[in-house]
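Since the structure comes first, as structure tokens, the remarks are kept for the end.
The values are calculated or read from the model by the stated rules, or taken from the named source; none is laboratory data. This is a predicted model, so every value here is computed, not measured. In this analysis, Cβ positions are derived from the backbone assuming ideal geometry, glycine residues included, and neighbour counts consider all displayed protein chains.
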Amino acid sequence: MVKTLCEAAVAVLTAAAPLDKVRLTQEYAAAWREGRIADFGTLPPPERPTRPERPELKLPRDMPKRGRGGSAQNRVALLHALAHIELNAIDLAWDIVCRFVGEGMPKGFTDDWVQVADDEAKHFLMLEERLNQLGASYGDLPAHDGLWQAATTTAHDLAARLAVVPMVLEARGLDVTPDTVRRLREFGDEESAGLLQIIHDEEITHVAAGRRWFGHLCAKRGEDPVEAWQGLVKQYFRGSLKKPFNVDSRQAADFGPEFYEPIAE
Ligand SMILES: [Fe+2]
Ligand SMILES: [Fe+2]
């Protein structure tokens, strides 16, 4: 058993098998909640998390185009892509937990990101079980190799990390998921639609955690959160902020349009 939270984080980040990442995350998150792991420790996270041999990782431009119809094959491709995002999200959450220990953030910050890691592990597992029901599993298809880039470009600054990962990327998830849920319902796949709805609702709390701790950091640094966020997004996020936004779900995370509307595409 690991002794500190940073050791726990690094153990997840360096585990290759997805189900090991899930199992360790669940074990360590419970240990943190129950006080069986109580010290942070200091152990730098790896530059990149360890990945399984499969799926094959491809550059975005080399990824096969995903069909939008309701065939089982298209739904498997969709669920596979989402499972890949969730697996990456497990590592992202643990990376935040141990990379920024020197920032002197309150314990609530760590509690939140350990909870995020635990949620992402659950999301991955839900999608993998659904893939199994459809006769597939994670690793069967190629997956996108760009997801860790945001972690690399923001590794030196917690404010930049929060600005880009929860407040751009996870918020983007809130924008697109309702439409995916609707399409899955139209195709008669209630089961997958229900899972994605649960994921959407829990992702609101991840965006909210990002927004809250970003605000905390700005207050500490004497910066205006809206101005600071827009500056960091321009500097560290390579894409553009795409409309339409899911203003309601974003608002539920206390992430108001004054942040993103002025710099949207
Ligand atoms: Fe998730
Ligand atoms: Fe998330």
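Note on the stretch 153-172: residues that are more than 16 Å from Lys234 (Cβ to Cβ) and either away from ligand 1 (no atom under 15 Å from the Cβ) or free of Cβ contacts under 8 Å to residues at least 40 places away in the same chain (or both) amount to 3.
Any idea which residue in the stretch 176-217 is farthest from Trp113 (Cα to Cα), counting only those that are away from ligand 1 (no atom under 14 Å from the Cβ), among the acidic types (Asp, Glu) and touching a residue at least 60 places away in the same chain (Cβ under 8 Å)? Once the filter is applied, the top-ranked residue is Glu186. Considering the stretch 64-108, the residues that are farther than 15 Å from Pro49 by Cβ and in contact with an Asp or Glu (Cβ under 8 Å, 6 or more places away or on another chain) include one that is surrounded by the fewest Cβ atoms within 10 Å (Cβ to Cβ), namely Gly70. Answer yes or no as to whether Trp94 is modelled with pLDDT of 95 or more and within 16 Å of ligand 2 (Cβ to nearest atom). Yes, satisfied.
For the stretch 62-96, residues that are closer than 21 Å to Val168 by Cβ, in a helix (DSSP H, G or I) and away from ligand 1 (no atom under 16 Å from the Cβ) total 0.
Taken over the stretch 216-238, the criterion of being small (Gly, Ala, Ser) and either under 19 Å from the mean Cα position of the chain (by Cα) or crowded, with 18+ Cβ neighbours inside 10 Å (or both) is satisfied by Ala228 alone.
With respect to (1) under 19 Å from the mean Cα position of the chain (by Cα); (2) loosely packed, with under 14 Cβ neighbours inside 10 Å; (3) modelled with pLDDT of 95 or more, the lone exception for Thr205 is condition (2).
Take Thr180 and tell me if it is under 23 Å from Lys243 (Cα atoms) and either part of a helix (DSSP H, G or I) or not small (Gly, Ala, Ser) (or both).
Values: under 23 Å from Lys243 (Cα atoms): yes; either part of a helix (DSSP H, G or I) or not small (Gly, Ala, Ser) (or both): yes.
Criteria met by Thr180.
The helices (runs of 4 or more DSSP H) found wholly in the stretch 204-260 and carrying at least 1 residues that are within 14 Å of Gly173 (Cα to Cα) and away from ligand 2 (no atom under 15 Å from the Cβ) occupy 247-252.
Conditions tested, residue by residue: (1) touching a Ser or Thr at 6+ places or on another chain (Cβ under 7 Å); (2) more than 16 Å from ligand 2 (Cβ to nearest atom).
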site	(1), (2)
Ile90	yes, no
Cys98	no, yes
Phe109	no, no
Asp119	no, no
Leu125	no, no
Glu129	no, yes
Gly135	no, yes
Ala151	no, no
Arg182	no, yes
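Just one of the numbered conditions (1) in contact with a Pro (Cβ under 8 Å, 6 or more places away or on another chain); (2) surrounded by 14 or more Cβ atoms within 10 Å (Cβ to Cβ) is not true of Ala121: (1). Taking first residues from the stretch 1-29 that are closer than 18 Å to His123 by Cβ and partners that are outside any loop (DSSP other than H, G, I, E, B) and polar (S, T, N, Q), the Cβ contacts under 8 Å between residues at least 6 apart in sequence or on separate chains come to Val12/Thr25; Ala29/Gln115.
So if I check each of Arg172, Arg130, which one is at pLDDT 95 or above, surrounded by fewer than 22 Cβ atoms within 10 Å (Cβ to Cβ) and within 14 Å of the chain's Cα centre (by Cα)? Reasoning before the result, please.
Working: Arg130 fails: within 14 Å of the chain's Cα centre (by Cα).
The conditions single out Arg172.
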